[in-house]
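The values are calculated or read from the model by the stated rules, or taken from the named source; none is laboratory data. All of these numbers come straight from a predicted model, not from anything done at the bench. Quick reminder, even Gly has a Cβ in these numbers, built from the backbone with ideal geometry, and neighbours come from all protein chains shown. SASA here: full protein model, heavy atoms, side chains in, ligands and nucleic acids out. Shrake-Rupley method; radii C 1.70, N 1.55, O 1.52, S 1.80 Å.
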Amino acid sequence: WLQNEIEKFHTPLPLDQKRRILEKLNEGVIFEKFLHTKYIGQKRFSLEGGETTIPALDAMLNVASDLGTEEAVIGMAHRGRLNVLANILGKTYEQIFSEFEGTAIPDQTMGSGDVKYHLGFSSDIQTANGKTIHLKLTPNPSHLETVNPVVLGYSRAKADVLYNSDFDKVLPILIHGDASVAGQGIVYEIIQMSKLNGYYTGGTIH
């Protein structure tokens, strides 16, 4: 039943879209393979098993920019963070690898950045349709889900101050553990508060 309900509206994707998905998947897989080969002893939080995150984020951002979104604010746990930085936000491999090797000079403006998985980043990227969208990955500590209300508050403030409370201009995206919606934790709480006037963001992609 579930499969029929989900797939009944399925239409085949155009060839250029299939190519784009394959390209983004390939980028994600090769990046992880390289890290595993080059930095074998390093503690890292791989995206292996969740590589579809990269084409999924790419598709979200392409559709959002086509619909008039000017920027996206992303909050996520450590798993897959480096891959998202490289293949979605366009952080250079040189920057990422120099952080791995401990030769990077940390930018202290957003906190001490003691661990590479805690660092934030922002960039302007070109979407598949040639539009520009501003992306921000918020810094977050090891208490992974604490970043969620920060992302929502940041998105709300941006929408209010920069876009005259036009919530369609800013898209909050939260990537978190698969169990985090189920319990009475912070994710559950922000979903509960999502319709309150003071906390409304126009919708958040979890």
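Return the total of residues in region 162-178 being open to solvent by less than 70 Å² (accessible area, probe 1.4 Å) and either without any contact (Cβ under 8 Å) to a residue 60 or more places away in the chain or more than 21 Å from the chain's Cα centre (by Cα) (or both).
4
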**Meets criteria (under 25 Å from HIS78 (Cβ atoms), open to solvent by 70 Å² or more (accessible area, probe 1.4 Å), in contact with a strand residue (DSSP E or B) (Cβ under 8 Å, 6 or more places away or on another chain) and not small (Gly, Ala, Ser)) for HIS134** = no
**Flag if VAL151 is in a helix (DSSP H, G or I), more than 19 Å from the chain's Cα centre (by Cα) and under 25 Å from LEU67 (Cα atoms)** = no
**Message:** Restricting to region 10-64, name every residue that is in a helix (DSSP H, G or I) and surrounded by fewer than 11 Cβ atoms within 10 Å (Cβ to Cβ).
**Reply:** LEU15, ASP16, THR37
**Asked** In region 65-84, what residues are out of contact with any Leu (no Cβ under 6 Å at 6 or more places or on another chain) and either in a loop (DSSP other than H, G, I, E, B) or without any contact (Cβ under 8 Å) to a residue 24 or more places away in the chain (or both)?
**Response** LEU67, GLY68, GLU70, HIS78, ARG79
**Request:** With the checklist (1) surrounded by 13 or more Cβ atoms within 10 Å (Cβ to Cβ); (2) farther than 16 Å from HIS143 by Cβ in hand, flag the one item GLU189 doesn't pass.
**Result:** (2)
**Asked** In region 134-148, which residue that is in contact (Cβ under 8 Å) with a residue 60 or more places away in the chain and within 13 Å of the chain's Cα centre (by Cα) is nearest to ILE191 (Cα to Cα)?
**Response** ASN148
**Request:** Would you mention how many residues in region 98-129 are buried (at least 16 other Cβ atoms within 10 Å of the Cβ), more than 20 Å from the chain's Cα centre (by Cα) and at pLDDT 80 or above?
**Result:** 0
**Prompt:** How many residues are closer than 30 Å to GLU99 by Cα and not charged (D, E, K, R) if we restrict to region 5-38?
**Reply:** 12
**Message:** Can you pull out every residue in region 70-80 that is out of contact with any helix residue (DSSP H, G or I) (no Cβ under 6 Å at 6 or more places or on another chain) and open to solvent by 20 Å² or more (accessible area, probe 1.4 Å)?
**Reply:** ARG79
**Message:** For SER155, only one of the following conditions fails: (1) open to solvent by 80 Å² or more (accessible area, probe 1.4 Å); (2) among the hydroxyl-bearing types (Ser, Thr, Tyr); (3) at pLDDT 95 or above. What is its number?
**Reply:** (1)
**Index of the failed condition, ALA159 passing every other in (1) over 26 Å from GLY49 (Cβ atoms); (2) among the small types (Gly, Ala, Ser); (3) without any contact (Cβ under 8 Å) to a residue 12 or more places away in the chain** = (3)
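Let's see how each residue does on (1) under 27 Å from HIS143 (Cβ atoms); (2) among the basic types (Lys, Arg); (3) at pLDDT 95 or above:
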residue	(1), (2), (3)
THR53	yes, no, no
ALA64	no, no, yes
ALA72	yes, no, yes
MET76	yes, no, no
ASN83	yes, no, no
GLU94	no, no, no
